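A.B. asks: Could you have a look at this structure, given as structure tokens, before my questions?
The values are calculated or read from the model by the stated rules, or taken from the named source; none is laboratory data. Please read these numbers as outputs of a predicted model, since none were measured by experiment. In this analysis, Cβ positions are derived from the backbone assuming ideal geometry, glycine residues included, and neighbour counts consider all displayed protein chains.
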Amino acid sequence: MSVAAAIRKGAVAAALTLLATCWSHAMDRSEKSPGGDRITRHADERDGLHAPSDAAVHLEEIETFLEGFLGPSAGVLHEIVSDEVHLDVIVFGPTADRDTWTFVTSGMSDRAMNVPDGLEPPEAYQYAELVITLPGDWFPRVGEGLPPDEAFAQPGKYWPIRVLKQLARLPHLYDSWIWLGHTFAEEGTPPEPYDPTTKLAGALLISPLGWPPDRTTLVTADGTQIEFMAVFPLYPDELDYKLNKGLKPLVDALSGAGVDDTVRPDRPSSIINKGLRGLLRKVLPWSS
């Protein structure tokens with residue numbers, strides 16, 4: 001399913017409605033982008049690691065829930081050293097029907113996020129886990145298990161998982177809140193790429209596009225409502241476009257470019273594509 005299809009189903013539209021409320025409460029009013037978005041800058045002033053009090057609170061429930069539509073998991077990447085929350089990553093390998101690797105955090109929902117005032121009911125927005133999808137040939141498939149350890153050490157292979165975990169830990173490091181429609185940028189002006197093998201340097205949170213609409217939320221046995229959100233990496237010009245124009249124009253550009261939420265480290269920028277398509281329509285009116 002494309003970004004455009006997700007909009008038609010209301011997933012992104014719902015996020016836009018939500019953000020109109022949450023940004024007015026959650027972000028520092030002293031800094032605002034030209035597009036009307038509040039900007040938060042995080043500065044780490046903590047003294048060392050803070051070990052979590054709980055670990056793997058919902059791991060088994062999350063894995064079982066996901067296996068209901070993603071198929072059997074290939075295994076779990078267990079975190080050795082944790083800070084604030086213990087973040088494991090559940091891995092789902094390619095199948096005959098789905099030529100992708102899917103990585104889902106488990107542990108972000110061990111603690112509630114600091115939901116801004118005005119969102120009701122707050123418990124519907126306190127807990128989340130993040131998802132990132134990679135092409136089926138990103139890692140070699142060895143049987144039905146996890147990729148071999150050496151595959152993660154290959155140049156350009158681990159950075160999406162690192163970004164996934166960084167974003168999942170972020171609200172707990174800074175007692176903040178992240179949700180659908182939020183964007184994030186690496187440090188620097190322009191932002192530094194995530195890895196030397198790509199120019200992608202930021203991310204947008206969206207609903208997982210290939211998932212059944214009724215499978216993006218899990219209510220656990222203890223009543224915790226967990227929202228699954230996909231990490232979609234962005235280029236610096238896409239981040240700038242969002243800051244200057246707003247979220248909806250960026251979503252429209254991504255939809256027009258026909259992208260999905262599978263990470264493509266060398267995909268064309270949706271902003272460049274939009275300009276080229278406009279030029280083609282002028283010189284070749286029959287082009288789409």
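A.B. asks: Just the residues that are basic (Lys, Arg) and either surrounded by 18 or more Cβ atoms within 10 Å (Cβ to Cβ) or touching a residue at least 60 places away in the same chain (Cβ under 8 Å) (or both), please, taken from the range 234-268.
C.D. replies: 242, 245, 248, 264, listed by residue number.
A.B. asks: Check off (1) under 15 Å from residue 109 (Cα atoms); (2) crowded, with 21+ Cβ neighbours inside 10 Å; (3) among the hydroxyl-bearing types (Ser, Thr, Tyr) for residue 216 and give me the number that stays unchecked.
C.D. replies: Checking residue 216 against (1) under 15 Å from residue 109 (Cα atoms); (2) crowded, with 21+ Cβ neighbours inside 10 Å; (3) among the hydroxyl-bearing types (Ser, Thr, Tyr), the one that fails is (2).
A.B. asks: Continuing with the same structure: If you go through the range 71-78 one residue at a time, do you hit one that is surrounded by 20 or more Cβ atoms within 10 Å (Cβ to Cβ) and not small (Gly, Ala, Ser)?
C.D. replies: no
A.B. asks: Surrounded by fewer than 19 Cβ atoms within 10 Å (Cβ to Cβ) and modelled with pLDDT of 95 or more: does that describe residue 192?
C.D. replies: yes
A.B. asks: Output the number of residues of the range 168-180 satisfying the condition of being touching a helix residue (DSSP H, G or I) at 6+ places or on another chain (Cβ under 9 Å) and not in a loop (DSSP other than H, G, I, E, B).
C.D. replies: 4
A.B. asks: Quick check on residue 144: is it part of a helix (DSSP H, G or I) and surrounded by fewer than 18 Cβ atoms within 10 Å (Cβ to Cβ)?
C.D. replies: no
A.B. asks: Additional query: Looking only at the range 46-55, which residues are surrounded by fewer than 18 Cβ atoms within 10 Å (Cβ to Cβ) and either under 23 Å from the mean Cα position of the chain (by Cα) or not small (Gly, Ala, Ser) (or both)?
C.D. replies: Across the range 46-55, the qualifying residues are 46, 47, 49, 50, 54, 55.
A.B. asks: Which one of the conditions (1) over 19 Å from residue 166 (Cβ atoms); (2) in contact with a Leu (Cβ under 8 Å, 6 or more places away or on another chain); (3) surrounded by 20 or more Cβ atoms within 10 Å (Cβ to Cβ); (4) in contact (Cβ under 8 Å) with a residue 40 or more places away in the chain does residue 104 fail to meet, given that it meets all the rest?
C.D. replies: If we test residue 104 against (1) over 19 Å from residue 166 (Cβ atoms); (2) in contact with a Leu (Cβ under 8 Å, 6 or more places away or on another chain); (3) surrounded by 20 or more Cβ atoms within 10 Å (Cβ to Cβ); (4) in contact (Cβ under 8 Å) with a residue 40 or more places away in the chain, just (1) comes out false.
A.B. asks: Quickly run through the range 69-124 and pick out the residues that are assigned to a loop (DSSP other than H, G, I, E, B), in contact with an Asp or Glu (Cβ under 6 Å, 6 or more places away or on another chain) and closer than 26 Å to residue 263 by Cα.
C.D. replies: Those that are assigned to a loop (DSSP other than H, G, I, E, B), in contact with an Asp or Glu (Cβ under 6 Å, 6 or more places away or on another chain) and closer than 26 Å to residue 263 by Cα: 73, 78, 79, 86, 87, 107.
A.B. asks: Which numbered condition in (1) over 20 Å from residue 226 (Cβ atoms); (2) in contact with a strand residue (DSSP E or B) (Cβ under 8 Å, 6 or more places away or on another chain); (3) acidic (Asp, Glu) is the only one that residue 129 fails?
C.D. replies: Here residue 129 meets the rest and fails (1).
A.B. asks: Just one of (1) modelled with pLDDT under 95; (2) in contact with a Leu (Cβ under 9 Å, 6 or more places away or on another chain) trips up residue 146, so point out which.
C.D. replies: (1)
A.B. asks: If you scan the range 107-136, which residues turn out to be acidic (Asp, Glu), out of contact with any His (no Cβ under 6 Å at 6 or more places or on another chain) and touching a residue at least 24 places away in the same chain (Cβ under 8 Å)?
C.D. replies: 110, 123, 129
A.B. asks: Another one. If you go through the range 140-163, how many residues are under 16 Å from residue 100 (Cβ atoms) and within 20 Å of the chain's Cα centre (by Cα)?
C.D. replies: The total comes to 3.
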